[in-house]
Amino acid sequence: KPVINIEGLTKIFSGKTNVVKALENVNLTINQGDIFGIIGMSGAGKSTLVRCINYLEKPTGGRVVIDGVDLAGLSEKELRKVRQSMGMIFQQFNLLMQRTAIENITFPLEVSGIDKKDAHKRAKELLELVDLADKAEAYPSQLSGGQKQRIAIARALATNPKVLLCDEATSALDPNTTKAILSLLKDINSRLGITIVIITHEMSVVEQICSHVAIIDKSGIAEQGKVSEVFAHP
Ligand code: ADP
Ligand code: ADP
């Protein structure tokens, strides 16, 4: 069952002096439960694709369909709902530095109007899930990169998203920490059934956890399918 369906997506940035075709006729189907890698070099259009998936960027052409709903017809309020169903994690973690680990996790819950006590309970469970129950009161500056990313994952999961979008989520981490974070994501995928989209420029990341992959190359998808088929060795 497709969770993310992209048809003929085109995004053109028109400046005063230049025009950049960031994405051209991109077609992509990501199914429920996939760990889907989107790999490409810097400038290929990966960030633009992510921003179109959650409609922070409006496509110039084509359709983005999330869970059967075409985003083109939605109001800002409805779009916020769709965005809430897609948790995001980033290369630089984007944690709130003035808040403790647990406060970072309760933040999106409080924004969505959930009772403080319930939010706290949910955050505790998520801290357990990412194996950082003992760091609830730590500030981000007191945590390692891997620990910060675990908190960011817990925060992304707080609102029970269907999809976790990971934008270069391990690019700032060393190889061992990368392995640990990827294995946590794999665990989350199999335990919670959440669809995971991994944006990366690193082949090793795709090889370590992705079931499916799309290669994005100069603003278009060059190839997509099962990792075992796309990267079949002769
Ligand atoms: P990647 O994430 O793969 O590095 P991006 O999606 O950031 O690629 O960028 C794809 C292309 O679109 C690049 O040429 C970039 O300079 C251009 N681009 C991205 N965002 C904008 C923007 N807001 N305005 C103009 N050009 C942009
Ligand atoms: P990333 O490292 O994720 O590819 P970038 O550093 O390329 O991100 O882009 C950071 C921000 O700048 C984004 O909001 C992107 O849309 C914007 N941007 C990227 N390239 C350009 C460009 N050529 N002109 C204007 N804005 C751009």
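The values are calculated or read from the model by the stated rules, or taken from the named source; none is laboratory data. Keep in mind it's a predicted model, so treat the numbers as computed, not measured. With ideal geometry, Cβ positions are generated from the backbone for all residues, glycine too; neighbour counts draw on all protein chains shown. We work out accessible area using only protein heavy atoms, side chains counted, and drop any ligands, DNA or RNA first. Shrake-Rupley method; radii C 1.70, N 1.55, O 1.52, S 1.80 Å.
Values computed for the structure shown
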quantity: One residue from Gly73, Gly61 being modelled with pLDDT of 95 or more and farther than 23 Å from Ala169 by Cα; calculated: Gly61
quantity: Exclusive hit being within 19 Å of Ser228 (Cβ to Cβ) and open to solvent by 10 Å² or more (accessible area, probe 1.4 Å), set Ser190, Ser183, Ser171; calculated: Ser190
quantity: Selection within region 203-230 - open to solvent by less than 60 Å² (accessible area, probe 1.4 Å) and within 22 Å of Gly43 (Cβ to Cβ); calculated: Ser204, Val205, Val206, Cys210, Val213, Ala214, Ile215, Ile216, Ser219, Gly220, Ile221, Val230
quantity: Subset of region 192-234 (residues that are within 22 Å of Pro2 (Cβ to Cβ), more than 16 Å from the chain's Cα centre (by Cα) and outside any strand (DSSP E or B)); calculated: Val227, Ser228, Glu229, Val230
quantity: Near pairs, Cβ below 9 angstrom, 6+ apart or cross-chain, from region 194-212 (closer than 17 Å to Ala232 by Cβ) to any residue that is more than 16 Å from ligand 1 (Cβ to nearest atom) and among the acidic types (Asp, Glu); calculated: Cys210/Asp34; Ser211/Asp34; His212/Asp34
quantity: Residue list for region 41-95, filter: basic (Lys, Arg) and touching a residue at least 12 places away in the same chain (Cβ under 8 Å); calculated: Lys46, Arg63, Arg83
quantity: Neighbours by Cβ (under 9 Å, 6+ apart or cross-chain): first from region 100-118, over 16 Å from Ser85 (Cα atoms); second surrounded by 13 or more Cβ atoms within 10 Å (Cβ to Cβ) and of a type in the set (Phe, Trp, Tyr); calculated: Thr100/Tyr139; Ala101/Tyr139
quantity: Filtered residue count, region 22-45, keeping only those that are within 8 Å of ligand 1 (Cβ to nearest atom) and either over 16 Å from Ala214 (Cβ atoms) or surrounded by fewer than 15 Cβ atoms within 10 Å (Cβ to Cβ) (or both); calculated: 3
